[in-house]
Amino acid sequence: MSKQMSHLDNIPSTPGKFKMEKSPFVHNRLRWHSSLAKLAFWSFIFLGLILIFFFRSPSSNSLPQDPSRRSLRTYNWGGPAWEKRVRSSARARSRNGISVLVTGAAGFVGTHVSAALKRRGDGVLGLDNFNDYYDPSLKRARQALLERSGVFIVEGDINDSALLKKLFEVVAFSHVMHLAAQAGVRYAMENPSSYVHSNIAGLVSLLEVCKSANPQPAIVWASSSSVYGLNTKVPFSEKDRTDQPASLYAATKKAGEEIAHTYNHIYGLSLTGLRFFTVYGPWGRPDMAYFFFTRDILKGKSIPIFEAANHGTVARDFTYIDDIVKVCLAALDTAEKSTGSGGKKKGPAQLRVYNLGNTSPVPVSDLVSILERLLKVNAKMEIMKLPRNGDVQFTHANISLARRELGYKPSTDLQTGLKKFVRWYLSYYSGVEKAAS
Ligand SMILES: NC(=O)c1ccc[n+]([C@@H]2O[C@H](COP(=O)([O-])OP(=O)(O)OC[C@H]3O[C@@H](n4cnc5c(N)ncnc54)[C@H](O)[C@@H]3O)[C@@H](O)[C@H]2O)c1
Ligand SMILES: *[C@@H]1O[C@H](CO)[C@@H](O)[C@H](O)[C@H]1NC(C)=O
Ligand SMILES: *[C@@H]1O[C@H](CO)[C@@H](O)[C@H](O)[C@H]1NC(C)=O
């Protein structure tokens, strides 16, 4: 696994939309007799260079440390070579293969789903803005992994309608697997607008383009167990109330579900929402507890163990990534065609929502003891009150609907899954350290 890191330098750079042509002004035959003409010439070149500089980096004057501006970067895309890569990546190799646009492809779930689709012969094109919500070098390493299996990730934003339109002009995607989002609950204190940008505005931009595409794709997208918010009735079933969000993240996911339902109702888009419950595994997300507990335990740093009121246990329905990948593919395979065309609905379209948990909530203290055993290090723990800024005490999925309709049958327990995560973690970070030294 650690060898994978050495391939990072081989990524071909994306041909730029604003690629400059050679200057037409430099020409040997011309001879300049008057120094005034020379001065005018060089001033002209100088001004031209300044203009080109500003055109090429329109974000160069924005402050990179201002979090609300992070997502406003401009990306280079377009051109014949770029289109060729897009087309080739999205082309199915197997006879009945589908062609899927995977948003958030450099993310944790997106990488695994893209690789699995490609492996079985489907066409896959990734889209990701590589934002710095967590270490972008991990996203780049996942990108390098996908590149080697023939998946191209377009670098761009889901709220960029012009880019999305272009992608649908170049490829008639049959499916969209929409995983790009601002995840995490605590980051809302730092950068609330990122949730609006990706989970609301970006979702609407994507659905707008899908609705106008011909043919319209079927869309499978990631919602979250967080929509159950402060509910105390367990296990959570799809029909339970979702009107008590405990975080801005949950509120935008809940709004996303309503937006999706609206596009289904008005435009005939086939839509399947997947409510994930704490997905974990190799290539996972550094902002999640199992990941930073591993890092901090190895460093000898103390880890925060949250406790609910009256010493209540905090527990999560941890779901292993391979189980999630399987069911994502099943959701794509059972998705019916959208029914609209030319932006108009022709008949009722499929609308589904599924819980995808593991049906066995595990107390966070158990998570820690499993990690201690696997890492052979005792954790330093600091018991803390569960803050009121997003995390809920308990998640527990009722998955009988997904079992019935998608054949979903999670088969990895936390012990087995964490063993695979830890093995990946140790080899990945020893590779990173070697590469750095
Ligand atoms: N992992 C979990 O436990 C979990 C739980 C519930 C829901 N989900 C949902 O599943 C989806 C995938 O989650 P993940 O764990 O892989 O997260 P992730 O953060 O690893 O992946 C999301 C990817 O989307 C990209 N992205 C974000 N905003 C974008 C934008 N505006 N334009 C283009 N790309 C953008 C990010 O760069 C990132 O690579 C998300 O919608 C998330 O909310 C995940
Ligand atoms: C999303 O894109 C639209 C244009 O398509 C723009 O007007 C809007 O400001 C963007 N929203 C966010 C939150 O980035
Ligand atoms: C689980 O959900 C199904 C509906 O999909 C429901 O019939 C069943 O009663 C639920 N089970 C529990 C234990 O809540």
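The values are calculated or read from the model by the stated rules, or taken from the named source; none is laboratory data. These figures come from a predicted structure and were not determined experimentally. No Cβ is skipped: glycine too gets one built from the backbone with ideal geometry, and neighbour counts run over all protein chains shown.
Structural remarks
- Here residue 234 clears all of (1) farther than 22 Å from residue 134 by Cβ; (2) within 13 Å of ligand 1 (Cβ to nearest atom); (3) of a type in the set (Val, Ile, Thr) except the condition numbered (2).
- Selected residue [within 21 Å of residue 289 (Cβ to Cβ), within 27 Å of the chain's Cα centre (by Cα) and modelled with pLDDT under 95] from 431, 390: 390
- Matching residues in region 389-399 - criterion: being touching an Asp or Glu at 6+ places or on another chain (Cβ under 6 Å) and in a loop (DSSP other than H, G, I, E, B): 395, 396
- Looking across 239, 166, one residue alone is more than 14 Å from ligand 1 (Cβ to nearest atom), of a type in the set (Lys, Arg) and over 30 Å from residue 314 (Cα atoms). It is 166.
- For region 131-156, filtering for residues that are within 15 Å of the chain's Cα centre (by Cα), surrounded by fewer than 16 Cβ atoms within 10 Å (Cβ to Cβ) and not hydroxyl-bearing (Ser, Thr, Tyr) leaves 4.
Rundown of residues vs (1) part of a helix (DSSP H, G or I); (2) among the basic types (Lys, Arg); (3) within 19 Å of residue 307 (Cα to Cα), yes/no style:
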| residue | (1), (2), (3) |
| --- | --- |
| 354 | no, no, no |
| 358 | no, no, no |
| 365 | yes, no, yes |
| 370 | yes, no, yes |
| 387 | no, no, yes |
| 401 | yes, no, no |
| 423 | yes, yes, no |
| 426 | yes, no, no |
| 432 | yes, no, no |
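- Evaluation of residue 232 against the conditions (1) surrounded by fewer than 22 Cβ atoms within 10 Å (Cβ to Cβ); (2) within 30 Å of residue 190 (Cβ to Cβ); (3) away from ligand 3 (no atom under 16 Å from the Cβ) shows that the sole unmet condition is (3).
- Annotation note: Cβ proximity below 7 Å between a residue of region 276-295 that is closer than 21 Å to residue 355 by Cβ and within 16 Å of ligand 3 (Cβ to nearest atom) and a residue that is at pLDDT 95 or above and among the hydroxyl-bearing types (Ser, Thr, Tyr) (sequence gap 6+ or interchain) occurs for 277/225; 277/319.
- Search result, residues across region 152-171 that are closer than 11 Å to residue 126 by Cβ and more than 16 Å from ligand 2 (Cβ to nearest atom): 152, 153, 154, 155
- Region 293-323, subset closer than 30 Å to residue 408 by Cα, modelled with pLDDT of 95 or more and not in a strand (DSSP E or B), residue nearest to the chain's Cα centre (by Cα): 321
- Residue in region 193-210 that is closer than 22 Å to residue 288 by Cα and of a type in the set (Phe, Trp, Tyr) present: yes
- Count of region 379-417 residues which are more than 20 Å from residue 274 (Cα to Cα), hydrophobic (A, V, I, L, M, F, W, C), in contact with a Gly (Cβ under 9 Å, 6 or more places away or on another chain) and within 16 Å of ligand 1 (Cβ to nearest atom): 0
- Test result for residue 216, under 30 Å from residue 168 (Cβ atoms) and in contact with a Gly (Cβ under 9 Å, 6 or more places away or on another chain): yes
- Odd one out for residue 74 among (1) touching a strand residue (DSSP E or B) at 6+ places or on another chain (Cβ under 7 Å); (2) within 16 Å of ligand 2 (Cβ to nearest atom): (1)
- Residue within region 373-384 that is within 16 Å of ligand 3 (Cβ to nearest atom) and more than 23 Å from the chain's Cα centre (by Cα) present: no
- Scanning region 111-127 for residues that are more than 16 Å from ligand 2 (Cβ to nearest atom) and not small (Gly, Ala, Ser) turns up 111, 112, 113, 117, 118, 119, 120, 122, 124, 125.
- Residue match in region 238-249 (condition: of a type outside the set (Phe, Trp, Tyr), on the phi < 0 side of the Ramachandran plot, within 16 Å of ligand 3 (Cβ to nearest atom) and at pLDDT below 95): no
- Selection count where residues are crowded, with 24+ Cβ neighbours inside 10 Å and either more than 18 Å from residue 412 (Cβ to Cβ) or over 18 Å from the mean Cα position of the chain (by Cα) (or both), scope region 276-292: 1
- Residue 212 vs. criteria within 16 Å of ligand 3 (Cβ to nearest atom), small (Gly, Ala, Ser) and over 25 Å from residue 131 (Cβ atoms): no
- Any hit, region 392-409, residues being within 16 Å of ligand 3 (Cβ to nearest atom), aromatic (Phe, Trp, Tyr) and either under 30 Å from residue 227 (Cβ atoms) or surrounded by fewer than 16 Cβ atoms within 10 Å (Cβ to Cβ) (or both): yes
- Single residue of 216, 182 found to be within 19 Å of residue 343 (Cα to Cα) and buried (at least 23 other Cβ atoms within 10 Å of the Cβ): 216
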